1. Work out, step by step, the length gained on full extension between residue 299 and residue 356: first 0.36 nm times the residue separation, then minus their alpha carbon distance; give nm to one decimal.
2. Working out 0.36 nm times the residue gap between residue 36 and residue 74, then minus their Cα-Cα distance, what length gain in nm do you get to one decimal?
3. Once the piece of chain linking residue 108 and residue 460 is laid out straight, how much longer is it, given 0.36 nm per residue of separation minus the C-alpha distance between them?
4. Step by step: find N for the chain, compute 2.2 N^0.38 Å, then divide the Cα radius of gyration by it. What's the final number?
5. What does the charge count around residue 97 come to, taking other residues whose C-beta lies under 13 Å from its C-beta (Lys +1, Arg +1, Asp -1, Glu -1)?
6. Once neighbouring chains are kept in place and the probe is 1.4 Å, which whole percent of the accessible area of the chain is contributed by carbon and sulfur?
7. Restricting to Cα atoms and excluding each atom paired with itself, what does the Kirkwood estimate give for the range 129-271 in Å?
8. For every other residue with a beta carbon closer than 13 angstrom to the beta carbon of residue 251, add +1 if it is Lys or Arg and -1 if Asp or Glu, then tell me the sum.
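The values are calculated or read from the model by the stated rules, or taken from the named source; none is laboratory data. Keep in mind it's a predicted model, so treat the numbers as computed, not measured. Please note: Cβ atoms are built from the backbone with ideal geometry, for glycine as well, and neighbour counts cover all protein chains shown. When the accessible area is computed, the model is the full protein with side chains, heavy atoms only, and any ligands, DNA or RNA have been set aside. Shrake-Rupley method; radii C 1.70, N 1.55, O 1.52, S 1.80 Å.
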Amino acid sequence: YARRYKGRLVVRFDDTNPTKEKDEYQSSIVEDLGKIGVKPDVVTFTSDYFETIKQYALWMIENGLAFMDDTPQEQMQKERMDRQKSKHRGQSPTEALEYFNLMCSGKKDGKAWCLRAKIDMSSDNGTMRDPVLYRQNTESPHHRSGTKYKAYPTYDLACPVVDSIEGVTHALRTTEYDDRNAQFAWIQRALGLRRVRIQTFARMNFMYTVMSKRKLAWFVETGKVTGWDDPRFPTVRGVSRRGIDVDALKRFMCSQGASRRIVNMEWGKFWAENKKEIDKRAKRFMAIDKVDHVVLTVTNAAGEGMEFLSTDYLPKDPSFGKRLVRIGKRVLLETVDTDGMEVGENIVLTRWGVIQLTKVEGGLEGVHVPDGDVKAAKRKLSWLADVPENIPVVLSEFDNLVSKEKLEEDDKFEDFINPNTQAETEVIGDVGLKTLKEHDIIQLERRGFYRVDRPYVNGSKKLMLFMIPDGKKKAMSGLDGKLAHR
């Protein structure tokens, strides 16, 4: 928007509540924007304008546009609901100024007082019923201004003031602030400030997910996740760590548009868009469960596992190059793939060829059939030659942090925490996996797509792969993970 009209993009942090603001929230947002190529022309903070906002508040008091109130919070809420004016609404500017200074002093006697705008208590719009503009907060130092201030403006006063004086022409806000648009305009008119247009759009919600920054902070602070880049988090850093392609992410967001209609998106659509992109470049490898596997003896194969075959990294795009696959007499198969096997049955070992089974009871045996009919065989299996060069790999999969599809407004999200959101599976991996670097995206054939979270170092520092959802509700093979496939 800013680029199209040769303007500038301002990213501002409305850090008006010292109790709830932290540097890590803000740095994570800036980093997330950078990951998707959004580079603001300037990053500002409402706290830079505290003194200016305070002067505007004093001007409102002096001109009879605001008053100080010590009505208890619950009673104030009831009076606003009942459209009943505060007993202090008619106080003089001199009296209001006295209480304002008391509030700003940080003294205990000033804690009960707050500044309220004198708008319209009969309005059908509840936000116009004398909203609170300033209140004391001495619970903790502000993360930028320290203990300089003891009282802070609310969002309702700070936004219209700072938007105007910073030169903002179009303020982008989500639809939950729609009721406050009239209040925003009133404050700008009352203070004689330049008008700012508000461009509203709907917040995108996802099922089984909380999107609120402060709710996400609860997961971080309680140790239920590893940080703001946890792969279960709906942050840009979180989904990037899980394996989202940035181009796919931007394409998905643009496809949704700046609609005013609130929607609850399914994660499946998000990940399905991602799969289209990563499928084009994810090199193929194989891995077999470390514990739940069966040995197949291929009686006519070379015994020492010193033979190789050459295969494409990407069968659909040979330009990605080739890799060598070890073949040998002892071959590892997934146990689940061997159920119901019969003597005489032809199976396909992917990338190698057809094996005809000659023995099933008491251990699997078979012979390699060089000219076997690959298409005629019903079972097409992933496998590994049982050789010492294979490496240990840990596969991690994740589930939603919230167990309820859609949290209602009065739901306490802490009551719907999913206790089982991460599972690990140890597998034996192709030696070619040693070459992978952090952030590489691959496909383990018949298991799915994975992102490298930690490259292979040695037997104690194993290769760590994070499973990337593909948008499907069921795995295509029988190799289901330990958690729901989503």
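1. Gain on stretching residue 299 to residue 356: 19.5 nm.
2. On the way: separation 38, 0.36 × 38 = 13.68 nm, distance 4.32 nm.
Taking residue 36 through residue 74 to full extension adds about 9.4 nm, to one decimal.
3. Taking 0.36 nm per residue and subtracting the Cα distance, the gain is 121.0 nm.
4. Cα-based Rg divided by the globular estimate yields 1.34.
5. It works out to a net charge of -2.
6. On the way: 12140 of 24890 Å².
Its accessible area is 49 percent carbon and sulfur atoms.
7. On the way: mean 1/r = 0.0549 Å⁻¹.
Computed over the range 129-271, the radius equals 18.2 Å.
8. Summing Lys/Arg as +1 and Asp/Glu as -1 gives 0.
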